[in-house]
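None of the figures in this text is laboratory data; all of them are computed from the coordinates on show. Keep in mind that this is a model prediction, so the values were computed, not measured. Cβ atoms come from the backbone with ideal geometry, glycine included; neighbour counts cover every protein chain shown.
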Amino acid sequence: MQNELKIALIQSNLVWENPEQNRHNFSAKIASITHPVDIIILPEMFTSGFTMNADSVAETMNGKTISWMKNLSKEKNAAITGSLIIKEEGSYYNRLVFVCPNGEIDTYNKRHTFTLAGEDKVYKAGQHNSLIDYKGWKIKPLVCYDLRFPVWSRNVENYDLIFYVANWPKVRINAWDTLLQARAIENMSYCIGVNRVGLDANNYEYSGHSAAFDVLGKRLDTIPSDKETIEIVTLDKKHIETYRNKLGFLNDKDDFNLV
């Protein structure tokens, strides 16, 4: 078990529906990380932007982006994660992929497809939560719109870190800020959100506001809004144990099951 986890949050603009250029841009950004890190987090749909033209940019789990992630993860000796459009058995998924340096892969299909943008008409919703065990840390990965649904993120697995990758627009950024902090506090867990910046082809503006919070909801980063940036935050297992043991809030949670 590793007591500390160093995580690089990459807040970036995205090139619309251009996986090759986005891979190239992220390769340069990742290469600029000179300090050792354990996990590198990219935004939602990091190869394309939040597009409903799934067929034009969809890949398979044997495609170029997965190979690229495997190679970079091994090279940097760090897990790399973000979501992209995957086609599988005739359906499209907004799939978060978590690639480890040894080549192992964990996945999570976005559960709450964003009906306001018609995502539910194009992408098949996931049916299962995921829990990643990495370096002795229990990690729950979620995607963008999932942030609005606290039951889905409820900490019944005793996870240590929950993170969200997103294309969350500027017009509703106050909800993003508020709910990220709330997820940390209510689950007594570190909570990280990585959002994009820039303007997409549909003229939606994205203002970043990527952030990291500790189990008490204290902000850990100094990431600026509206700018491309990379920031490394350090998470400490002892912080989780200290406050969970001292306060015991998770012991008093209501018991119920999703049906």
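State to the nearest 20 debye the size of the charge dipole of the range 1-116 about its Cα centre, where the only charges are +1 on K and R beta carbons and -1 on D and E beta carbons. It would help to have the intermediate numbers written out before the result.
Values: 11 positive and 12 negative charges, 36 e Å.
That gives the range 1-116 a dipole magnitude of about 180 debye.
Run the simple label-point estimate for K253 and S27 please: 7 Å along Cα→C-beta, distance reported in nm.
4.2
Looking at the range 215-259, which chymotrypsin sites (Phe, Trp or Tyr not before Pro) are DSSP coil and have at most 12 other C-beta atoms within 10 Å of their C-beta? Walk me through the intermediate numbers first.
On the way: sites: Y243, F249, F256; in loops: F256.
Sites meeting the loop and neighbour criteria: F256.
Starting from the Cα of K110, draw a straight line to each of the aspartates and glutamates and keep only those under 13 Å, dropping any in the same chain fewer than 8 residues away.
Candidates past the 8-residue exclusion: E44, E119, D120, D146.
Shape verdict for the range 107-259, please, from the Cα gyration tensor: rounded (a/c under 1.5), prolate (a/b greater than b/c) or oblate.
Values: a/c = 2.01, a/b = 1.29, b/c = 1.55.
Note, shape of the range 107-259 comes out oblate.
How far apart, in nm, are two points set 7 Å out from the Cα along the Cα-to-Cβ line at Y243 and at K121?
4.2
Residue by residue through the range 122-132, what is 3J(HN,Hα) from phi via Karplus (6.51 cos²θ - 1.76 cosθ + 1.60, θ = phi - 60°)? Round to whole Hz and write x for glycine and proline.
10, 10, 7, 6, x, 10, 9, 6, 10, 9, 9
Under a straight-distance cross-link criterion of Cα-Cα below 19 Å, which lysines are reachable from K227, leaving out those fewer than 8 residues away in the same chain?
K29, K170
Give me the number: length gained by fully extending R148 to N203, i.e. 0.36 nm times residue separation minus the C-alpha to C-alpha distance, one decimal in nm.
Working: separation 55, 0.36 × 55 = 19.80 nm, distance 2.32 nm.
My answer for the length gained is 17.5 nm.
For a quick protection proxy, order the peptides 189-201, 48-60 by their average other-Cβ count within 10 Å, most packed first.
Details: 189-201: 23.6, 48-60: 17.5.
Averaged packing, sorted descending, gives the order 189-201, 48-60.
Where Lys and Arg each count +1 and Asp and Glu each count -1, what net charge lies around A166 among other residues with Cβ under 10 Å from its Cβ? Let's see the in-between values first.
Numbers: positive: R196; negative: E44, D146.
That sum, taken over residues with Cβ under 10 Å, equals -1.
Using packing as a proxy for protection, rank 122-134, 7-19 so that the peptide with the highest average count of other Cβ atoms within 10 Å comes first.
Details: 122-134: 15.6, 7-19: 21.7.
Highest mean packing first, the order is 7-19, 122-134.
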